[in-house]
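Asks: Let me give you the structure first, and then I'll get to my questions.
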Amino acid sequence: MTRTLTRSADPQTAIGERLRARLDAQLAARRIDPARCLSADPAPQPLPALETAQLRIPADYRDAVADHPAVAAWVRTIAESATAPYAGDRHAQYGRTGRREIRTGPSLLLWGPTGTGKTRQAFGAIRSLTAAGCAVRWHAVKAADLYGQLRAQDTDTEAVLRHAMRVPLLVLDDLGAAKWSEWKEEVTFRLLAWRGENHLPTVVTTNLSPDPAGAGPRYLRSAVGDRNVSRLSGMCTPVQLAGLDRRYSHR
Ligand SMILES: Nc1ncnc2c1ncn2[C@@H]1O[C@H](COP(=O)(O)OP(=O)(O)OP(=O)(O)O)[C@@H](O)[C@H]1O
Ligand SMILES: [Mg+2]
């Protein structure tokens, strides 16, 4: 360890000699190279929020990009409406402080045949929002898994549902894939009604058509009921994804 390493390029001494000596001693005790601490050109740091989000995203979608024009437009709308938390009277002179947080906004319904990239677009949207510097508290769950969690023994199932209802950004994947039941319709209704009424951004994916007039197994109405389709129509912009099943084309 040398003195020159602890001196900055700035001719002004940032700290006094005695303080510097104490700092050097403490760094040495912790086996920390002062040159690395005081380097003027630190290595680029990864975005912690994006790294954290990546760990929660299924491996298949960790490089997902929201490149569908309607999904990209939705991401922009949500990012622009994200606001920094209110500083309150104590910091009124500074206005709003902290990272912008997603609070309210429109929702998306991505629908189309299997393998057309709906789930990928949904995770791409989460990645884009995180990379844009928004604080995104999000939860992604397949509808069938949510129903399973809500049936689990020894679980506070109300807390599970409440979390899905209130989380700022929810991805509800594969809605309508599970066999219809009155209980599932009711649970879905509680979830969508709360999120719709509170304008909480939600990305729903489904293989079924959201056409409220349609009847039969290819329509969302027959899988989740009229009231849920009505809620989805009110809160979501429908985006149809078409094309071949990409899972086959990967082989
Ligand atoms: N634009 C893309 N570029 C590269 N791979 C893609 C793209 N879109 C989708 N894929 C890949 O194709 C596969 C199917 O995509 P995805 O799971 O998003 O489809 P899906 O529409 O959600 O299907 P399902 O209706 O069965 O849930 C995945 O492995 C995904 O990573
Ligand atoms: Mg999917």
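The values are calculated or read from the model by the stated rules, or taken from the named source; none is laboratory data. Quick caveat: nothing in here was measured; it's all calculated off a predicted structure. Don't worry about glycine lacking a Cβ; one is built from the backbone with ideal geometry, like all the others, and counts go over all protein chains shown. The area values use the complete protein model at the heavy-atom level, side chains included, leaving out ligands, DNA and RNA. Shrake-Rupley method; radii C 1.70, N 1.55, O 1.52, S 1.80 Å.
Asks: Where both residues lie in the range 48-249, what percent of DSSP beta bridges are antiparallel, nearest 5?
Replies: Looking only at bridges with both residues in the range 48-249, the antiparallel portion is about 5 percent.
Asks: Under 5 Å between amide hydrogens, which residues at least 5 positions from A140 or on another chain qualify, with H placed 1.01 Å from N in the peptide plane?
Replies: V171
Asks: Over the range 48-249, what is the relative contact order in whole percent, taking alpha-carbon pairs under 8 Å and six or more residues apart?
Replies: 26 percent
Asks: Another question about this same structure. Can you list residues from other chains, or at least 5 along the same chain, whose modelled amide H is less than 5 Å from the amide H of A64?
Replies: Long-range HN contacts for A64: none found.
Asks: Another question, if that's okay. Quote the accessible area belonging to I32 in square angstrom, nearest 10, computed with a 1.4 Å probe and with ligands, DNA and RNA left uncounted.
Replies: 70 Å²
Asks: While we're here: Highest first, please rank the peptides 234-246, 151-163 by the mean number of other Cβ atoms sitting within 10 Å of their residues.
Replies: Working: 234-246: 14.5, 151-163: 11.1.
With the highest mean Cβ count within 10 Å placed first, the list reads 234-246, 151-163.
Asks: Testing the spin-label approximation: label points 7 Å from Cα along Cα→Cβ at A213 and A29. State their distance in nm.
Replies: About 7.9 nm separates the two model spin labels.
Asks: Roughly how big is the range 48-249's charge dipole about its Cα centre, with Cβ charges of +1 (Lys, Arg) and -1 (Asp, Glu), in debye to the nearest 20?
Replies: Details: 26 positive and 20 negative charges, 60 e Å.
Result for the range 48-249 is approximately 280 debye, rounded to the nearest 20.
Asks: Then there is this: Starting from the residue with the highest accessible area, list K179, K184, K142 in decreasing order, probe 1.4 Å.
Replies: Descending accessible area places them as K179, K142, K184.
Asks: Would you work out what percent of the accessible area of the range 153-207, with all protein chains in place, is carbon or sulfur (probe 1.4 Å)?
Replies: Values: 1260 of 2600 Å².
The C+S portion of the solvent-accessible surface of the range 153-207 is 49 percent.
Asks: Give me a comma-separated list of calculated 3J(HN,Hα) values for the range 206-223, in order, Karplus coefficients 6.51, -1.76, 1.60 applied at θ = phi - 60°, integers in Hz, x for any Gly or Pro.
Replies: Listing the rounded values in order: 7, 8, 9, 6, x, 4, x, 8, x, 10, x, x, 8, 10, 4, 3, 6, 8 Hz.
Asks: Kindly write out, for the range 173-182 in residue order, the coupling ³J(HN,Hα) from the Karplus curve 6.51 cos²θ - 1.76 cosθ + 1.60 (θ = phi - 60°), rounded to whole Hz, with x marking Gly and Pro.
Replies: 8, 6, 5, x, 6, 7, 4, 4, 8, 4
Asks: Which residues' amide hydrogens lie under 5 Å from the amide hydrogen of S209, considering only partners 5 or more residues apart or on another chain, with H built in the peptide plane?
Replies: Y219, L220
Asks: Just report the Cα centroid separation between the range 133-154 and the range 173-192, whole Å.
Replies: Between the Cα centre of the range 133-154 and that of the range 173-192, the gap is 13 Å.
Asks: Compute the accessible area per residue over the range 48-249, keeping the other protein chains in place, probe 1.4 Å, unit Å².
Replies: Normalised by residue count, the accessible surface of the range 48-249 is 53 Å².
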